[in-house]
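To start, the structure itself, in structure tokens.
Every number here is computed from the coordinates shown, using simple stated rules; none is lab data. Remember, it's a predicted structure, so these values are computed and weren't measured experimentally. For neighbour counting, all protein chains shown are included, and Cβ atoms are generated from backbone atoms with ideal geometry for every residue, glycine included.
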Amino acid sequence: MISASLYIVTCSAKNRVRRRVARLREPRYLVGAIVGAAYIYFSFFARARGQRAAAARRRNAPPGADAASAALVAAGPALVSMGFLMLATIAWVLPFDSGLLEFSEAETNLLFPAPVTRRQLLLHRLMRSQGGILFGSIIVAIASPVGGWMRFRLSIATWLLFVTMRVYFTAVTLSRNAGRTGAARTVAWLPFGAFIAATGVVMTALVRAWRMMPVQNLPDALSGVGDVALHGVSSVVLWPFLALARPLFAPTLTSFAVDVGAAFVVLGITIAWMLRRDEAFQESAAVASARRAEKAQARRGTSVRARATGLSLSLTGRPEPAFFWKNGVQTLRLAGISAIRIGMAVLGVCGAAVSVAVNTFHLRGAAAAGCAVAMAVATFTAILGPQIVRTDLRSDLVHLELLKTWPVRAGAVIRGEMAWPALMLTAIGWMAIALAAALSPAAFPRIAPATRMTIAASMALLMPAFVFVQYLVQNAAALAFPAWVPQGNQRPRGVDAIGQRLIMLTGVLLLAAVLMIPGAVGGGAIFLALSRWTGVVGVVPAALVCTAIVLLEVLVGSELLGPLYERLDILAVERTE
Amino acid sequence: MALTVENLRRVYDGFVAVDDLSFAVAPGEIVGLIGPNGAGKTTSLRALAGILRPTAGRIQIDGHDIVADAIEAKRRLAFMPDEPHLFEYLTVEEHLRLVARLYTVDDFDVRARALVEELELTGKEKALPGELSRGMRQKVVIACGLVRNATTLLFDEPLTGLDPIGIRRMRETIVGRARAGAAILLSSHLLHLVEEVCSRVIIMAAGRKVADGTCAELASRADLATAGSNLEQIFMRVTGHD
């Protein structure tokens, strides 16, 4: 079985690499790969170089300048080992997803009926998981501020840690599912009792150590942690965890070799324990595979419930509202899943923006902070919303075969597809602007109310222009370069895919900016003409004219894109690996 | 003729998938399109449905060119593909309603109710595609094709995933639509079905039409006379597999 597993692993890896390399013959993948590689270089290697320089500067700093950091490094193995103990104990109550029990459909259909033991199947999954674990270890090493052989050693230490954790979590899952009878169940849960006891021993020792030597500062606290981990009973119960943590901090090659040897012993014991718990394998694998299938279903969107949306479609009229309705229903039924993702992204960006705003403008008070959040939401919606909300032709490329059979003009398809997401984002933007305007007296007390309302009204008028023009460009890009647009919920992988996404994002933003120029020129002219009499209020008609020009461009653009849609071949739409 | 194909040719990256294909289907006629895997049947049907642009040749639906006058041609056409592509977030009823809106179906409620009953989708109206079996999804695709008054129906493997009762019902549905005056082109690997319901058969191989006629006409062809009288024997001889 080991040789069969090796065969599967090597053949899969070889074919994946061959396929990725072969597709570099196409310019779009080659260009994407170059851009993606440059992005990775500047994101990791160049940054890592900067971090090393900073670390060197810190080393050259006067002694005692950073006592807390030194104490932190000294207590590293002890701290990490205690963290592992906590994690190992918690895993029994809140089991982690190790992935080792998630067999693919091909593995289930081909290997389960094959004459192989459960232990061999577990070892097979462990071998198959090595690619991802190795990749993760290398990324950790690359991103760390160490250099040369230290980086290589860190990579090995991280790999050992990741593999042991994965095996341990699998063993916990198998133990939790083992034994229906009381006795077998008790035996299976014995390790949990041992971990609870170990945690108790370590906590007691820690409290005692801190009580005997009162903690004045962070170095004192860390010193206590180090003492507890290295002496007494707690050092015995922490040994397996220290053995895994030490290679991460080994100062010399010799100590590293010794520490890695000890870590391998722990890994071996953990693997042996996992293999001994194999009686619950089928049940655990079935549960894990079902979970995997559920996740895949959620990604495809097939786990959505047909709940009422409140949107209705009349049987007569232009085709655009039919697309609007279709995409609206999709969004409202998906809201449970995608709203969380989008909401989290918005919250993250807004949080950062609020932090910057509060510090830069010295904004105080809840109202001021609320105003800043609302402004951040409006900005985020206008600039990045159309990149994220893809309920338009981009997500419908997967249904191109169906769309192409419909007796609908291409321009109407494009307008209809982008109508829902564009109007939805516009509405969100308007709500954010209205909130910001309402809270603006607290945030900008020195600005006159009329000026504040004028700015808010102008922003509200410009919002549809920003959003619609981006949707036009996004859909034009989908029609012109369909192979670069991921279908539905798919996310293409690989360096070339990263590069393609970057190129698309940059191109779309640049083109959208260019398309805004006529509107900006028209609006600017109106403002110049009126400002002599109206003052700052002239911004409002200027924004209105700008938006009208841009929306006209969008209308004309959607018609001009018609031939692209007509010529779009379903074979040009990329099928993700 | 409801459907006319003249010298259709489709090339993918230098590979000729369909070459010089010509035929016509009259109203009320059921024509079977058969051939081994890779013969070009699905490519032909996709070109007829307006999904793929022909590299050369001409396709007309009721006199409307599928490229030059696409909207009018598509309005008269219904394509039922072998893979049931449906919108994951629309229910069965909503799919029918969307199609009715796009094709302007007047008596939608009556037609939809009758179709749901005919295709045994009763009780599944509020279900999403993800909640349906493959056979049920295939029925939804067919219902979407039949909910409007199409004069030309293109079926690509319509029986895939259906149970024996569904197969029988579908056969009756196809024949019933032809009796009502629709021109039907039916692609299938089930030769007994083709032999049973089709008035004429087109056999394709390697992208080209290699035979066209009724089973009796093909059986009496000089080069096929020794093959046998049933469609399977004729098919094997024509495609060089006997």
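Assuming charge only on the beta carbon of Lys and Arg (+1) and of Asp and Glu (-1), the dipole of the protein assembly as shown about its Cα centre is about 2700 debye to the nearest 20.
Judged by the gyration tensor of its Cα atoms, with axes a ≥ b ≥ c, the protein assembly as shown is oblate; a/c meets the 1.5 cut and b/c is at least as large as a/b.
A Förster radius of 22 Å combined with the Cβ-Cβ distance from B:GLU83 to A:THR10 puts the calculated FRET efficiency at roughly 0.10. Each peptide in B:43-50, A:132-139 receives the mean, over its residues, of other Cβ atoms within 10 Å, and ordering these scores from highest gives B:43-50, A:132-139. The residue list A:ALA476, B:GLN233, A:LEU461 was ranked by how far each Cα lies along the charge dipole of the protein assembly as shown toward its positive end, using unit charges on Cβ atoms, and A:LEU461 comes out on top.
Summary of packing: across the peptides B:124-137, A:191-204, the per-residue average of other C-beta atoms within 10 Å ranks them, highest first, as B:124-137, A:191-204. Partner lysines whose Cα lies under 22 Å from the Cα of B:LYS126, excluding those fewer than 8 positions away in the same chain, are identified as A:LYS326, B:LYS139. Exposure proxy ranking for A:PHE152, B:PHE235, based on other Cβ atoms within 10 angstrom of each Cβ and starting from the fewest, stands as A:PHE152, B:PHE235. Of the peptides B:152-163, A:313-324, the ranking by mean beta-carbon count within 10 Å, highest at the top, reads B:152-163, A:313-324. Max-minus-min Cα coordinates of the range B:80-146 on each principal axis give 29, 21, 20 Å, with the largest extent listed first. Principal axis extents of the C-alpha atoms in the range B:1-142 (largest first, rounded to whole Å): 46, 31, 25. For the protein assembly as shown, the share of DSSP beta bridges that are antiparallel, to the nearest 5, is 55%. Inter-label distance, A:PHE152 to B:VAL67: 6.2 nm, where each label sits 7 Å from its Cα along the C-beta direction.
Under 27 Å of direct C-alpha separation, and excluding same-chain neighbours fewer than eight residues apart, B:LYS209 reaches these lysines: A:LYS404, B:LYS41, B:LYS74.
Pairwise inverse Cα distances across chain B, averaged and inverted, put the Kirkwood hydrodynamic radius at 18.4 Å. Each listed q (0.20, 0.21, 0.22, 0.23 Å⁻¹) maps to a log10 I(q)/I(0) for the range A:442-562, found by the Debye formula over equal Cα scatterers with no solvent: -1.03, -1.09, -1.15, -1.21. Per residue of A:313-321, other chain Cβ atoms within 10 Å of the residue Cβ number 3 on average. Inter-chain Cβ neighbour count for B:97-103, averaged per residue, equals 6 (cutoff 10 Å, partner chain atoms only). Note on A:ALA184 and A:ALA438: the model spin-label points, each 7 Å out from Cα along the C-beta direction, lie 6.1 nm apart. Diffusion coefficient (Stokes-Einstein, Kirkwood radius over C-alpha pairs, 4 °C, 1.567 mPa s) for the range B:172-242: 101 µm²/s, rounded to a whole number.
Here is how the number arises for chain B: DSSP H runs of 4 or more residues each give -39500 (n - 2.57), the sum is divided by the residue count, and the result at 222 nm is -10500 deg cm²/dmol. To the nearest 0.05, what FRET efficiency results for A:ILE517 and A:SER43 with a Förster distance of 35 Å applied to their C-beta separation? Rounded to the nearest 0.05, the efficiency is 0.65.
Which parts of the range A:552-573 would a label at A:ALA22 reach, counting a residue when its backbone N lies under 17 Å from a point 7 Å out along Cα-to-Cβ? Within reach of a label on A:ALA22: no residues.
For B:LYS124, the aspartates and glutamates whose Cα comes closer than 17 Å to its Cα, not counting residues fewer than 8 places off in the same chain, are B:GLU88, B:GLU93, B:GLU94, B:ASP109, B:ASP163. Once the Cβ-Cβ distance of A:LEU30 and A:LEU571 is raised to the sixth power relative to R0 = 25 Å, the FRET efficiency obtained is 0.75.
Peptide B:45-51 shows a mean partner chain C-beta count of 3 within 10 Å per residue C-beta. Entry note: the range A:493-533 has Rg to Rh equal to 1.41, where both radii use alpha-carbon atoms and Rh is the Kirkwood radius.
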